[in-house]
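Read through the structure below, which is laid out as structure tokens, and then see the notes.
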Amino acid sequence: MEDAADPDKAPKMQAYMKTVQPFYGVQTTERRNILRDVIADAPVRSRVEYDAVVLNLWGGVYREEMYLALDIAERVKAYRDLDSFPLYERLIHESPNWDTLDAVIMSLVSPLVMKHRELEAKLIEWSDSDNFWVRRASLLGHVKHRAATNTELLSATILKLADEKEFFIRKAIGWVLREYSKTDPDWVRAFVAAHDAELSPLSKREALRRIPA
């Protein structure tokens, strides 16, 4: 990563994420090419190694090291199971912004929640968190569930958080509804109509974006 660093791109990437954390200036394709070559030479061979390499990179100085931690967590499919959920939950609670949080919840957590419904209790717990990124995770945990979406829990979570002013919560409400509209547009249309006064304009606009008027 040091060899691939680009001092011209690094400050622009840092400014885009509005963070004091430094960047190498290594973009996604190149970062993943580096990972591909390294993991071919040094594969992750156990859960202990999986946890260790993810947490070691996650605690790195540069933002791209956090991205690499998530790349590895997703790539090594053998350990993407219920036993890894405590690791993923830690990453959610420590995520500094949407770039890391959304990767954890979408690629790692949401598929596990769909497979292990007892984890829905965690989504309920997260919806009460003092950390709005964790509350965002309670919504996005439903995004990839399609026809298996627990609409009762999704509805309850949306309505619990609907009065929040935080942009990333309002955006997540719209996002999860928009994604579910690909499966059941009538349900989403009816939900938005029934809760027109409770949902923000941003949430409603995002929810209905893929549904014909």
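The values are calculated or read from the model by the stated rules, or taken from the named source; none is laboratory data. Since we're looking at a predicted model, the values are computed, not measured. Because the Cβ atoms are built from the backbone with ideal geometry, glycine has one as well, and the counts that use them run over all protein chains shown. Protein only, heavy atoms only, side chains kept; ligands, DNA and RNA dropped before computing areas. Shrake-Rupley method; radii C 1.70, N 1.55, O 1.52, S 1.80 Å.
Across the range 70-108, the residues whose backbone nitrogen lies under 15 Å from the label position 7 Å along the beta-carbon direction of Glu164 are 92-99, 101-102, 105.
Using a cut-off of 24 Å between alpha-carbon atoms, which lysines can reach Lys18, once sequence neighbours fewer than 8 places away in the same chain are excluded? Hits, sequence-local ones excluded: Lys9, Lys165, Lys171.
Per residue, the chain reaches -17500 deg cm²/dmol at 222 nm when only DSSP H runs of four or more residues are counted, each adding -39500 (n - 2.57). Mind checking which lysines have their C-alpha under 19 Å from Lys77, skipping anything on the same chain fewer than 8 residues away? Cross-link targets: Lys115, Lys144.
Is the shape of the range 56-167 rounded, prolate or oblate, going by the alpha carbon gyration tensor and its root eigenvalues a ≥ b ≥ c, with a/c under 1.5 for rounded and a/b larger than b/c for prolate? Cα axes put the range 56-167 in the oblate bin. Between the range 61-83 and the range 108-159, the alpha-carbon centres lie 20 Å apart. Solvent-accessible area of Asp83, all protein chains in place: 110 Å² (probe radius 1.4 Å, heavy atoms, ligands and nucleic acids excluded).
Between the residues Val38, Ala10, Trp58, the greatest Cα displacement towards the positive end of the dipole of the range 8-92, with unit charges on the Cβ of Lys, Arg, Asp and Glu, is found for Ala10. Just to verify a number: FRET efficiency for Ala52 and Ala156, C-beta to C-beta distance, R0 = 45 Å, to 0.05? In this case the efficiency is close to 0.75. Among [x] 19.5; [y] 18.4; [z] 17.2, which one is Kirkwood radius over Cα pairs in Å computed from these coordinates? For Kirkwood radius over Cα pairs in Å, the calculated option is [y]. Normalising the average separation of contacting C-alpha pairs (under 8 angstrom, six or more residues apart) by the number of residues puts the relative contact order of the chain at 12 percent. The trypsin sites (Lys or Arg not before Pro) of the range 1-106 meeting both criteria, a DSSP state outside H, G, I, E and B (loop) and at most 10 other C-beta atoms within 10 angstrom of the site's C-beta, are Lys18, Arg45.
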